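Here is the structure we will look at, set down as structure tokens.
The values are calculated or read from the model by the stated rules, or taken from the named source; none is laboratory data. From a predicted model like this one, the values you see are computed outputs, not experimental measurements. For neighbour counting, all protein chains shown are included, and Cβ atoms are generated from backbone atoms with ideal geometry for every residue, glycine included.
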Amino acid sequence: MDGILPLWKPKGFTSHDCVSKARGMLKTKKIGHTGTLDPEVEGVLPLCVGKATKIVPFLTDTEKVYEAEVTLGSTTDTEDATGNTVDSATVKDTWSEGEIQTYLDRFQGAITQVPPMYSAVKVNGKKLYEYAREGIEVDRPSREVMIKDIQVISADRETREETFSFSFRVVCSKGTYVRTLCVDIGKSMGYPAHMASLIRTSTADITREDCLTLDEVQEAADEGRGEELLLPISQGLSHMPALEVDKDTKEKIKHGQVLPYPEALSVDQFLIKHAGQVLAIYQKHPAKTGLIKPVRVF
């Protein structure tokens, strides 16, 4: 059983919970997820099964699309609605969608973020959320992330309980903390803020429309149709450039041979296919000019 299970992660489950359930349903241990979603976040969580586990880092390192709701008026220690309020202010202003968009535009492109204390980023070998649970504040390394696109979806034009809320859609790089983005947008608007809710609608080319619920996976597995649910490995790598090879080269690829760098490409890393089937991921040889070597062979 090899392929990608396009799971719609429900609220209340960790990504690891979903992997454990899928292992039981599909009766296979070789399953890995492709980017952690917090328990209170729902959305696209591709699970790589069998040989597809070889592409986990390549599918994880892709653009993601999220829909987030921001609430102005309070910020929390976790930067989302699950945390304890650490700052608050009465929101007397309202903004139109067009006015909100002018603030969002400031965050488009390369931005610098400081990861939240409640995150899995490691400092001195220890995860930040472990420090946070102990009440210890540590210096957090900043990181640059890419906001490819960010657009307002809707706005609550009326203040509600002295707060103001709006939602936006963001296309961003791996490593982007949308919680932190929400807080920073609020700061730019002059108010403490937190992320009220979050949905991941896309990972690479795997979208909400592709996804199945846990109940749907269970039903199919009970009927012996579990393997039919899997997307091909190629769909998880569609963001990478590809080179089609002939039958003779296919045999060399299968044995992981070092080959001449193809003139048809000008990238460091790419797929190699035969008759549309993904054979391997190759890269420029780090030590031998003009040659390529395998990174993953399927």
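Before we move on, is Gly175 in a loop (DSSP other than H, G, I, E, B) and within 24 Å of the chain's Cα centre (by Cα)?
yes
When both residues are 6+ apart or on different chains and their Cβ atoms are under 8 Å apart, which pairs have a first residue that lies in the range 68-87 and is without any contact (Cβ under 8 Å) to a residue 60 or more places away in the chain, and a second that is among the aliphatic types (A, V, I, L, M) and in a loop (DSSP other than H, G, I, E, B)?
That search, which allows pairs on different chains as well, returns Asp77/Met117.
Under 8 Å between Cβ atoms, at least 6 apart or on separate chains: pull out the pairs that start in the range 224-240 with a residue that is in contact (Cβ under 8 Å) with a residue 60 or more places away in the chain and within 15 Å of Phe298 (Cα to Cα) and end on any residue that is among the β-branched types (Val, Ile, Thr) and surrounded by fewer than 17 Cβ atoms within 10 Å (Cβ to Cβ).
none
Residue check: is Leu181 in the same structural domain as Lys11 (by TED's automatic domain parsing) and either on the phi > 0 side of the Ramachandran plot or surrounded by 16 or more Cβ atoms within 10 Å (Cβ to Cβ) (or both)?
Against the criterion (in the same structural domain as Lys11 (by TED's automatic domain parsing) and either on the phi > 0 side of the Ramachandran plot or surrounded by 16 or more Cβ atoms within 10 Å (Cβ to Cβ) (or both)), Leu181 does not qualify.
Taking into account only those residues within the range 278-292 that are in a loop (DSSP other than H, G, I, E, B) and in contact (Cβ under 8 Å) with a residue 12 or more places away in the chain, which is surrounded by the fewest Cβ atoms within 10 Å (Cβ to Cβ)?
Gly290
Which numbered condition trips up Lys126, out of (1) within 23 Å of the chain's Cα centre (by Cα); (2) under 17 Å from Arg179 (Cα atoms)?
Lys126 satisfies all of (1) within 23 Å of the chain's Cα centre (by Cα); (2) under 17 Å from Arg179 (Cα atoms) except (2).
Any residue at all in the range 146-156 that is modelled with pLDDT of 90 or more, buried (at least 19 other Cβ atoms within 10 Å of the Cβ) and touching a Pro at 6+ places or on another chain (Cβ under 7 Å)?
No, there is no match, as no residue in the range 146-156 is modelled with pLDDT of 90 or more, buried (at least 19 other Cβ atoms within 10 Å of the Cβ) and touching a Pro at 6+ places or on another chain (Cβ under 7 Å).
Kindly establish whether Thr53 is closer than 30 Å to Glu219 by Cα, hydroxyl-bearing (Ser, Thr, Tyr) and over 14 Å from the mean Cα position of the chain (by Cα).
yes
Filter the range 200-222 down to the residues that are surrounded by fewer than 21 Cβ atoms within 10 Å (Cβ to Cβ), of a type in the set (A, V, I, L, M) and not in a helix (DSSP H, G or I) and list them by number.
Within the range 200-222, Leu212 is the sole residue that qualifies.
Report those helices (runs of 4 or more DSSP H) wholly inside the range 15-126 carrying at least 1 residues which are touching a Gly at 6+ places or on another chain (Cβ under 7 Å) and surrounded by 18 or more Cβ atoms within 10 Å (Cβ to Cβ).
15-26, 56-60
Among the residues of the range 262-277, write down those that are at pLDDT below 90 and either among the aliphatic types (A, V, I, L, M) or part of a loop (DSSP other than H, G, I, E, B) (or both).
Pro262, Glu263, Ala264, Leu265, Ser266, Val267, Asp268, Ala275, Gly276
So which of Gln108, Gln113 is within 19 Å of Glu79 (Cα to Cα) and polar (S, T, N, Q)?
The match here is Gln113.
If you go through the range 223-237, how many residues are surrounded by 15 or more Cβ atoms within 10 Å (Cβ to Cβ) and assigned to a loop (DSSP other than H, G, I, E, B)?
The number of residues fulfilling the criteria is 2.
From Val138, Val152, which residue is free of Cβ contacts under 8 Å to residues at least 60 places away in the same chain, touching a helix residue (DSSP H, G or I) at 6+ places or on another chain (Cβ under 6 Å) and either among the basic types (Lys, Arg) or assigned to a loop (DSSP other than H, G, I, E, B) (or both)?
Val138
A quick yes/no check of all residues on (1) of a type in the set (Lys, Arg); (2) more than 30 Å from Ala120 (Cα to Cα):
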{"residue": "Phe166", "(1), (2)": "no, no"}
{"residue": "Arg169", "(1), (2)": "yes, no"}
{"residue": "Arg179", "(1), (2)": "yes, no"}
{"residue": "Val183", "(1), (2)": "no, no"}
{"residue": "Glu228", "(1), (2)": "no, yes"}
{"residue": "Thr249", "(1), (2)": "no, yes"}
{"residue": "Ile253", "(1), (2)": "no, yes"}
